[in-house]
Amino acid sequence: MKIKPTLLNGVLIIEPDVYKDGRGFFLETYQQKRYADSGVPGPFVQDNQSRSARGILRGLHTQVQHPQGKLIRVLAGEIFDVVVDIRKGSPTYKKWLSVNLSAENFLQCYVPPGYAHGFCVLSEAADVVYKVTDFYNPSDEVGLIWNDPELAIAWPLTDPILSAKDKSALTLREFEAKYPQYGR
């Protein structure tokens, strides 16, 4: 597999080895020792899967007291995946990156604890699977608004379909005021 570091510390793009022949393909989507040696520490405690239609945007999400590392991949379709550094004091604070993850390119994105994460669906539908390093706690989850001008994320859509929770997400400034010690 190939590991591509990014401008955000610890965020990795992973290109697994895919073996294709006339029958189809085979790949290892996770192997604990190999991934840990490559900078994806784990341990992972939960696997999640979502299906979303074109135009749906999920995120930007984080957990405050129990931040989750995430290893994200797409089983069907394509997404525009976004990671935002919301760790105060970090040299890349407020910076973001994006990567297209799809069933065709097999790419994975590892997001360490402490970052906000979200994605929007580019294909008719997308099935997204991600491993997480801490258990989901709904009372600990916080969302940042997808179109915060302070972050200026270049989303490939202008009018996404959002959940009620994501419509009422915080701006980065509201997040900073509510959680002044986050990421320190």
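None of the figures in this text is laboratory data; all of them are computed from the coordinates on show. Please read these numbers as outputs of a predicted model, since none were measured by experiment. Cβ sites come from the backbone with ideal geometry, for glycine too, and all protein chains shown count toward neighbours.
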The one condition ASP85 fails out of (1) charged (D, E, K, R); (2) in contact (Cβ under 8 Å) with a residue 40 or more places away in the chain; (3) under 25 Å from GLU124 (Cα atoms) is (3)
What single numbered condition from (1) out of contact with any helix residue (DSSP H, G or I) (no Cβ under 9 Å at 6 or more places or on another chain); (2) in a strand (DSSP E or B) fails to hold for LEU8? (2)
Name the pairs: first residue in the range 135-161 and aromatic (Phe, Trp, Tyr), second residue part of a helix (DSSP H, G or I), Cβ to Cβ under 8 Å, at least 6 apart or on different chains? TRP146/ASP166
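Tell me, please, whether a residue that is more than 20 Å from ASP166 (Cβ to Cβ), of a type in the set (Gly, Ala, Ser) and in contact (Cβ under 8 Å) with a residue 24 or more places away in the chain can be found in the range 41-53.
The answer is yes, given that some residue of the range 41-53 is more than 20 Å from ASP166 (Cβ to Cβ), of a type in the set (Gly, Ala, Ser) and in contact (Cβ under 8 Å) with a residue 24 or more places away in the chain.
Mind listing whichever residues of the range 1-26 are hydrophobic (A, V, I, L, M, F, W, C) and surrounded by 14 or more Cβ atoms within 10 Å (Cβ to Cβ)? Working first, answer last.
Within the range 1-26, the first condition is being hydrophobic (A, V, I, L, M, F, W, C), and the residues that meet it are 1, 3, 7-8, 11-14, 18, 25-26.
Selection gives MET1, ILE3, LEU8, VAL11, LEU12, ILE13, ILE14.
Among the listed residues LYS70, LYS4, LYS20, which satisfies the condition of being within 19 Å of PHE106 (Cα to Cα), without any contact (Cβ under 8 Å) to a residue 24 or more places away in the chain and within 17 Å of the chain's Cα centre (by Cα)?
Numbers: LYS70 fails: without any contact (Cβ under 8 Å) to a residue 24 or more places away in the chain; LYS20 fails: within 17 Å of the chain's Cα centre (by Cα).
It is LYS4.
For the range 31-95, give me every one of the strands (runs of 3 or more DSSP E) that falls completely inside it and has 1 or more residues that are buried (at least 20 other Cβ atoms within 10 Å of the Cβ). Full working, then the answer.
On the way: elements: 46-53, 57-63, 70-76, 78-85.
So the answer is 57-63, 70-76, 78-85.
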Do we find a residue being within 17 Å of the chain's Cα centre (by Cα), touching a residue at least 24 places away in the same chain (Cβ under 8 Å) and in a loop (DSSP other than H, G, I, E, B) anywhere in the range 173-183? no
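Could you look through the range 101-130, keep only residues that are part of a strand (DSSP E or B) and among the aromatic types (Phe, Trp, Tyr), and pick out the one that is nearest to LEU75 (Cα to Cα)?
TYR130
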For the range 59-81, state whether one or more residues are in contact with a Leu (Cβ under 9 Å, 6 or more places away or on another chain), more than 17 Å from TYR130 (Cβ to Cβ) and of a type outside the set (S, T, N, Q). no
